[in-house]
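For reference, the structure discussed in these notes is given below.
The values are calculated or read from the model by the stated rules, or taken from the named source; none is laboratory data. None of these values were measured; they are calculated from a predicted model. When we count neighbours, we look across all protein chains shown, and the Cβ atoms used for this are built from the backbone with ideal geometry, even at glycine. Calculation scope for accessible area: heavy atoms of the full protein, side chains included, ligands and nucleic acids excluded. Shrake-Rupley method; radii C 1.70, N 1.55, O 1.52, S 1.80 Å.
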Amino acid sequence: MSNRIKNSTPKKDGYRMPGEFEEHKGCWMVWPERTDNWRLGAKPAQKAFVEVAEAIAKYEEVTMCVSDRQYEAAREALSSNVRVVEMSNDDSWMRDIGPTFVVNDAGDVRGVDWRFNAWGGLVDGLYFPWDKDDKVARKVCEIENVDYYSLEEFVLEGGSIHSDGDGTAIVTEACLLDESRNPHMSKEEIENTLKEYMGVEKVLWLPNGIYLDETNEHVDNIVHYCAPGVLALAWTEDEKDPQYPLSKAAFDYLSNETDAKGRKITIHKLHIPNEVLITKEESEGVDAVDGTLPRNEGDRQAASYANFYIANKAVILPLFGDDIYDKKAIETLSEVFPNREVVGIYAREIILGGGNIHCITQQQPLGKK
Ligand code: KQY
C-alpha cells in the first residue's frame, strides 16, 4: 500500500530528483481527447501520441492513462507493448500533472504530488475545471505502490522544472514567479520549496522560456539537461525573431553561472524551427469553448526541439517538417548523446495542442535493481 508522507520532505529524507538521463523503469502518458484543444475530435493527436508511446516502448515500459470514454479506442490503437489503464483526466499533459519521482541512495523511489491549477488557475489558466488532472499524480503513485509527498498549497507543473540529478535545478522566472502560481511567496521561499522537494542545493533561474509559450514559459521547452553540467538550449541566429532576446539572455546567464557542484555549464544550441503557425483548417477543427484557450488561425506555436524525451538508450525528438532545422537537431543531439538512438517523430499535431513530446511524458526512475 502506498502512503502519503506527512511532516517531512524528500530532502530531509535523503531523496533527490534524478536527471532524466538516469535509468528509467518506464514512462507515463495520458491519452488526448478534448475537442476544445485537439482538432478533429483529437484523432490526429491520438495518432501522434501512439507514435510517441510506441517509440518509447522500444526502450522502456510505457503506461497510457485513458478515460473510461476512450478506453476501448486507446486499447485498440496501441500495441500490447503499451500498458493501458483507466484514469479520469482533464487533458493529456502527464509531464505537468504526473508525480515528480525522487530516489534515495538505496534505490527507493517516492513521488511528489504538486498542486496543479491548469497553468494559471483563474488568473490565466488554460481550461476549467482541472480537478481530475490534480489527482493524477497520487493515482500514479498508488498504482505503482510508491509513497508520496503531497503539497497542499504549492502550485507547480513538472514541465516547469528540470534537474541535473546532482544538486541543481533549473527553472524560469517567467513561470515560477508569475502571479498565477504562488503569488503569496517570495522568490526565496519558492527556491527553498524547490530545494526541499527536488532535493537540490542550487536553483538556476533563466529569465524566460519560449516566446508565446502558453505555460508562462516552461523551462522544458527552452532547455534540457543532457548530463550534469551539459544543457541543450533552444536558439535562433535571427536577431529580429522575438525568441532571440529570450534565448540570448538564457545563454548569457548560463555562461556566467556554475551549477551546485561548481561546474561551468556546456551549452549545445538547438536552433528553433521556422515559424509554426496554426492554419485556418487546423483552427476550424477545434471546438471553441468558453474558458479554454482558443487555437486561432495564424497563432505562432512555441515550437522547440528542446522539448525532447530522454528514454533508456534513446532520445525521442519532435520534428516539424522543417527542411533545415529538423536535420540539424537530429545531428546535434546525436553528437550530444552518442550512446542513444535519436528517434525523430513528426509532432505538429502535438504542438498544435500547446506542448510537445516532453510535455506529454513523465519518466519513472528505475530505483532498486
Ligand atoms: O506543458 C505544456 N506545454 C502543456 C501545455 C498545455 C496546453 C493546453 N492547451
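Computed from backbone phi, the HN-Hα couplings of segment 39-56 come to 6, 6, x, 6, 5, x, 5, 4, 4, 5, 5, 4, 4, 5, 4, 5, 5, 5 Hz, rounded to whole numbers (Karplus: 6.51 cos²θ - 1.76 cosθ + 1.60, θ = phi - 60°; Gly and Pro given as x). For segment 271-279, the Karplus equation 6.51 cos²θ - 1.76 cosθ + 1.60, evaluated at θ = phi - 60°, returns couplings of 5, 5, x, 4, 3, 9, 10, 5, 7 Hz by residue, with Gly and Pro reported as x.
When both bridge partners sit in the chain, DSSP labels roughly 40% of those beta bridges antiparallel. When you restrict to C-alpha pairs under 8 Å that are six or more residues apart and normalise by the size of the chain, the relative contact order lands at 23 percent. The rule of thumb for compact globular proteins, 2.2 N^0.38 Å, goes into the C-alpha radius of gyration of the chain 0.91 times. When nucleic acids and ligands are ignored and a 1.4 Å probe is applied, MET64 ends up with an accessible area of around 0 Å². The modelled label-to-label distance for the pair LYS369/SER150, using points 7 Å beyond Cα in the direction of Cβ, is 3.5 nm. Ellipticity at 222 nm from helices only: DSSP H runs of n ≥ 4 in the chain, each -39500 (n - 2.57), divided by the residue count, give -6500 deg cm²/dmol. Fully extending the segment from VAL85 to ASP124, taken as 0.36 nm per residue of separation minus the present Cα-Cα distance, adds 10.9 nm.
The phi torsions of segment 90-104, fed into the Karplus equation with coefficients 6.51, -1.76 and 1.60 and a -60° offset, translate into couplings of 9, 6, 10, 9, 4, 3, 8, 9, x, x, 8, 7, 10, 10, 10 Hz, rounded to whole numbers, with Gly and Pro shown as x. Note on SER2 and ILE324: their simple-model spin labels are 4.6 nm apart, each label 7 Å out from Cα toward Cβ. As a calculated quantity, the FRET efficiency between ASN296 and LYS132 at R0 = 35 Å, using C-beta atoms, amounts to about 0.85. Amide H contacts for ALA314 (H built 1.01 Å from N in the peptide plane; partners 5 or more residues away or on another chain; cut-off under 5 Å): GLU341. Basic side chains Lys and Arg get +1 at the Cβ, acidic Asp and Glu get -1 at the Cβ, and with that the dipole of segment 182-266 about its Cα centre reaches some 380 debye. If R0 is 35 Å, the Cβ-Cβ spacing of ASP238 and ALA73 corresponds to a FRET efficiency of close to 0.25. Mean-square fluctuations from a GNM of the chain, with a 10 angstrom spring cutoff on Cα atoms, peak among ASP105, ASP147, ASP96 at ASP105.
Per-residue surface analysis assigns LYS25 an accessible area of about 70 Å², computed on protein heavy atoms at 1.4 Å probe radius.
Close amide H pairs (under 5 Å, H built 1.01 Å from N) link GLN362 with TRP28, residues at least 5 positions away or on another chain. Taking 0.36 nm per residue of separation and subtracting the current Cα-Cα distance, fully stretching the chain between ASN256 and ILE143 would add 36.4 nm. Close amide H contacts of TYR149 (hydrogens built in the peptide plane, cut-off under 5 Å, sequence separation of 5 or more or a different chain): ILE5, GLY111, VAL112, ASP113. Between ILE316, ILE324, ILE345, the GNM of the chain built on Cα springs shorter than 10 angstrom shows ILE324 fluctuating the most. Length gained on full extension, GLU179 to LYS58: 39.5 nm, using 0.36 nm per residue less the C-alpha separation.
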